[in-house]
Amino acid sequence: MPQETSPATGASDPVADYQAALQSFSRELRHFHIHWGKPTQVSLSTGAAKDNRFRLHASTLSEVLGGRRVPTYEFLAELIRQLTKRAGERAFRDAWPQWEQRWRKLARAESLAEEHHAMLRATGEARARLEVNDAMSDIADVPPAPAAAVHETPHDMAAEHHEARTLDPEATLRAAKFLMGERQWAQAAQEFDRYTRLTDADWDVHFVRAVAHANTRAGHAADLSALRAYSEAIALLPDNADLDLRARLFAYRGAMAKRMGRYDQAESDLLLARRHATAAYEAGDIAYNLAAVYALTGRREDALTELRELRRHGAIRLVWGHLDDYFKPLRNDPEFHKIVTGEQ
């Protein structure tokens, strides 16, 4: 089945991929439920309680079977155990490896979707700081064509103003904002870069420019451009700036350094971010990135400490999308497994 793509970028849409994975998982689980006699949700819940094992609440069972919720690792294991119980422990051992693999695939899709939401949140906040909504209404100089005749892409619209942008920094900035709003990351980054060459830019322009370069995920050159732009934003940030904003800039620069393999720099920035952070979202983001840095550099105990902090903030799912890269060194660690899956 081909992956759905974003109309703006042509790239795979992690949210759509996650929804498709969730529906496929729940459909297979319903078939498995029927195969084993379709016991009622109450009987499954009662059976788990009698066995003094993980609780299977009927309301959660309904959501999981209905494709409205991703089960936790331990919840799914107990559900499969209860469904196969009448055939003995051997039936569970035969069925579980396949269900564990399905769960990991679904958990990864959910993690990538949550990362995508976080990226869009960062982009939205950056756009808001530049008053993008107003800028989008200013980008066109002429009345819109009739609906049936409109075939221009956002890039075409920005390209029409190339000559004006060359002479007018504000026209360049408006084009950059518009492309950012359309999630045309690479083109937006180019326009922000052009603007900073034409005039002295404030910290917020460099912040959005960094987000645009980071979102392209176009390799080392784009990552380095993002790192430099975050540094410019930090250098120009007012002394009286909000503490969580200051924390976010250092955390984002640290995350970019982590992506580039500059682990000492990443750790330094992330620990500095932690000194300023007060909001739960910032604290969770910092813990996630520090855990990745420590896992990649062989600092097991430090990584596990940060992962426990991440679980405390309710964001442990961020890890599931990176079991094959950032957290690969810990993937077979029993304690890591307990923290990530919630097993007791």
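The values are calculated or read from the model by the stated rules, or taken from the named source; none is laboratory data. Computed from a prediction, not measured in an experiment: that's the story for all the values here. Cβ coordinates were reconstructed from backbone atoms using ideal geometry, including for glycine residues, and neighbour counts include every protein chain displayed.
Of everything in the range 293-324 that is modelled with pLDDT under 90 and surrounded by fewer than 13 Cβ atoms within 10 Å (Cβ to Cβ), the residue that is nearest to R262 (Cα to Cα) is D324. The residues of the range 174-223 that are buried (at least 22 other Cβ atoms within 10 Å of the Cβ) and of a type in the set (D, E) amount to a single one, E191. Quick check on the range 1-55: of everything there that is within 17 Å of W96 (Cβ to Cβ) and either at pLDDT below 85 or not assigned by TED's automatic domain parsing to the domain that holds L83 (or both), which residue is surrounded by the most Cβ atoms within 10 Å (Cβ to Cβ)? Checked the range 1-55; the qualifying residue surrounded by the most Cβ atoms within 10 Å (Cβ to Cβ) is F54.
Taken over the range 271-287, the criterion of being part of a helix (DSSP H, G or I) and over 18 Å from the mean Cα position of the chain (by Cα) is satisfied by L271, L272, A273, R274, R275, H276. Within the range 200-216, the presence of a residue that is farther than 25 Å from R246 by Cα and either modelled with pLDDT of 90 or more or out of contact with any helix residue (DSSP H, G or I) (no Cβ under 6 Å at 6 or more places or on another chain) (or both) is excluded. The residues of the range 32-51 that are in a helix (DSSP H, G or I) and either in contact with a Ser or Thr (Cβ under 7 Å, 6 or more places away or on another chain) or among the acidic types (D, E) (or both) amount to a single one, Q41.
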